[in-house]
Amino acid sequence: MAHASTQAVGVSFGAPRIRIIAIPPGEAPQWVREQWVGLELPLAQRSRRARSRSVFGVLSGPRGMLTRWLAILSRRARRESGYAVRVSDAVAVLGSKSPEAASWWRTNVPDMRSPFRCFLFSESVCQVLEDSQSADRFER
């Protein structure tokens with residue numbers, strides 16, 4: 001996961017989901033990125049396929065929306081293939097496993113709290129789940 005990644009939070013039943021199966025790449029500390037492994041996250045996209053998107057590092061990328069758009073237009077963003085998950089959903093799920101890791105995100109990358117901001121989890125660290133694979137399908 002280069003950016004700006006158990007149960008869905010604020011997501012409708014049946015939303016496509018991924019399971020993180022390896023430590024995502026990214027700028028967060030190793031111990032924080034390790035906590036993603038094993039979590040099931042709701043996708044912020046309708047497709048179950050990885051998509052190519054423009055991305056920035058969560059710590060090194062531009063902060064404001066205008067500066068992000070200018071960086072994209074000037075081709076300073078890199079393209080990566082992966083799965084988009086809303087930051088708010090991802091950090092909420094992470095908090096159920098590791099409150100410390102969720103706190104790291106809230107403290108160190110506070111500008112990512114917008115409901116429109118997404119993490120992009122690299123395709124190589126994700127398993128797309130079918131409805132029958134979700135661990136908590138019948139616990140709702």
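Note down the net charge around Ala84, summing +1 for each Lys or Arg and -1 for each Asp or Glu among other residues with Cβ under 9 Å from its Cβ. Walk me through the numbers before you get to the answer.
Working: positive: Arg51, Arg53, Arg86; negative: none.
So the environment of Ala84 carries a net charge of +3.
By counting other Cβ atoms within 10 Å of each Cβ, how are Trp104, Trp36, Trp31 ranked from fewest to most? Intermediate values should be presented prior to the final figure.
Details: Trp104 18, Trp36 28, Trp31 11.
Ascending Cβ contact count within 10 Å gives the list Trp31, Trp104, Trp36.
By count of other Cβ within 10 Å, fewest leading, how are Arg53, Arg86 ordered?
Working: Arg53 17, Arg86 23.
In order of increasing Cβ crowding within 10 Å: Arg53, Arg86.
If I take R0 = 35 Å and measure r between the Cβ atoms of Thr107 and Val128 in this structure, what FRET efficiency does the formula 1/(1 + (r/R0)^6) give, to the nearest 0.05? Intermediate values should be presented prior to the final figure.
Details: r = 31 Å, r/R0 = 0.88.
Computed FRET efficiency for Thr107 and Val128 comes out at 0.70.
All of the numbers you see were taken from the coordinates with simple rules; none came from a lab. All values derive from a computational prediction rather than experimental measurement. In this analysis, Cβ positions are derived from the backbone assuming ideal geometry, glycine residues included, and neighbour counts consider all displayed protein chains.
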